[in-house]
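Since the structure comes first, as structure tokens, the remarks are kept for the end.
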Amino acid sequence: MSDIAARIQAMEESATIAMARKSREMAAQGVEVISLSLGEPDFSTPDFIKDAAVQAVEQNYSSYTPIGGYAELKEAIAKKLQRDNQLSFDPSQIVCSTGAKQSIWNIAMAMVDPGDEVILPVPYWVSYREMVRMAEGIPRYIQTTVEQGYKFTAQQLEDCISDRSRLLIFSNPCNPSGAVYDESELRAIAAVIEKHPDLYVVSDEIYELIRFEGMHFSLGRIDAIKERVITVNGLSKGFAMTGWRLGYMAAAKEVAQACEKLQGQVTSAPNCIAQRAAITALKADPSEVAYMKDSFRKRRDLVLDKCKDIPGWVNHIPGGAFYLFPDVRAWFGQSVAGRDIKDASDLCMLLLEEAHVGLVPGGAFGSPNSLRISYAASEEQLVQAMDRIKKVLAG
Ligand SMILES: Cc1ncc(COP(=O)(O)O)c(C=O)c1O
């Protein structure tokens, strides 16, 4: 018998972290590993945001703040949501948290009762599933394929909904596939949601600023369902601020209050210096940080081009985020360098040990036929990594 509670024993460790740990172990032994496994921009936080944080320290911001964040930050978020997303929220409907991750956790705990069903289109972000399970909800999956660009359809959603469905959670742009839903796809999805008045949706828009074509469209813009859309966003990806830990949600007042109540008993408010910096970041015109998106697009094209030389990988063209999610099924049942490849985990392990490139098997995201390549690395590293992969797989 273990001393550890069953809920933690039942929890899966994030595979992204497990893969990164293995890469680090190999690096510690002197192997030059190129890790393309982590989900964070390789940029520094822009100077104008860092300056705001330095100023906040100098101005002695150091006390506990209101649980859901400074009023000034909530106002900046409300304005940003209006300016960029045409979403109208009162600051009282906004809760700031220690990363979007905590926002999603708050929502899962506040909205899901034991036995409630939560719909997760596959591939999903790793933590959605574990959070739902910790809230004693039942994940229901919608399978998608590379051929459909890893995007679920309105019909698939309709088929998955039952009278116990409570939440639908998905990210747009998507981690891990980079898929982007456009307005017409979201309107079709919304038409299904409209028919099911007990179903809420978490629209995780953390990659909003890393979208390569067209304008981002927020699901919450659709009037018929807007009361039931919980919009989640944060500073981590678009502003290269992963370590600052600042995310937020905007929702119906009752939902926001429930999340704030929970957060008040767990972590209280997010870090006050990060909050001050976030005010500056969110007030700035998004064009200030567009250079990161432009650079990611360039690198996406580079890696996509390199992928053409790798036999048996089927790609779609990701419209956002900084990941490629090739379907690698063609390799299953084959043998390379004396190893049998049964699944994407075996292929990732082969590529780590033989090509010294760290990737993440798609099973972590519910898609065992694929693997995730994060191209948030230098062009030189990307070229080298893809050449090494080619060498191992193309012989
Ligand atoms: C889809 C998605 N949502 C949420 C998060 C969490 O972001 P944060 O750093 O704000 O907690 C991530 C981070 O990897 C993500 O990929």
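No value in this document is a laboratory result; all are computed from the given coordinates. What you see is a predicted model; the values in this text were computed from it and never measured. Using ideal geometry, Cβ is built from the backbone for each residue, glycine included, and neighbour counts are taken over all protein chains shown.
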Electrostatic dipole magnitude of the chain [Cβ: Lys, Arg +1; Asp, Glu -1; Cα centre; debye, to 20]: 200
Cα long-axis angle, helix 183-194 against the chain (0 to 90 degrees, to the nearest 10): 60
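Antiparallel as a % of all DSSP beta bridges within the chain, to the nearest 5? If you can, show how the numbers build up before the last one.
Working: 17 of 36 bridges.
Just about 45 percent of them are antiparallel.
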R0 of 41 Å, Cβ-Cβ distance Asp163-Ile317: FRET efficiency to nearest 0.05: 0.60
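When the convex hull of the Cα atoms of the chain is projected onto a plane and the area is averaged over all directions, what value comes out in nm²?
Details: hull surface 81.8 nm².
Quarter of the Cα hull surface area: 20.4 nm².
Asn60 to Lys298: FRET efficiency via 1/(1 + (r/R0)^6), r the Cβ-Cβ distance, R0 25 Å, to the nearest 0.05? It would help to have the intermediate numbers written out before the result.
Details: r = 42 Å, r/R0 = 1.68.
Efficiency, rounded to the nearest 0.05: 0.05.
Show me the trypsin sites (Lys or Arg not before Pro) within segment 289-328 that DSSP assigns to loop and that have at most 13 other Cβ atoms within 10 Å of their Cβ. List each step's numbers first, then the result.
Working: sites: Lys293, Arg297, Lys298, Arg299, Arg300, Lys306, Lys308; in loops: Lys308.
Sparse-neighbourhood loop trypsin sites (Lys or Arg not before Pro): Lys308.
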For segment 47-285: relative contact order, % (alpha-carbon pairs under 8 angstrom, 6 or more apart): 30
Cα long-axis angle, helix 253-266 against the chain (0 to 90 degrees, to the nearest 10): 70
Charge-dipole axis of the chain as Lys and Arg at +1 and Asp and Glu at -1 on Cβ define it, positive-most pick from Leu157, Ala52, Ala290: Ala52
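Tell me the net charge near Ala251. Cut-off is 15 Å between Cβ atoms, Ala251 excluded, with +1 for each Lys or Arg and -1 for each Asp or Glu.
Details: positive: Lys74, Arg166, Arg221, Lys226, Arg228, Lys253, Lys261; negative: Asp90, Asp204, Glu205, Glu227, Glu254, Glu260.
Combined, the nearby Lys, Arg, Asp and Glu give +1.
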Crossing angle, helix 272-283 versus the chain [Cα axis fit, 0-90 degrees, rounded to tens]: 90
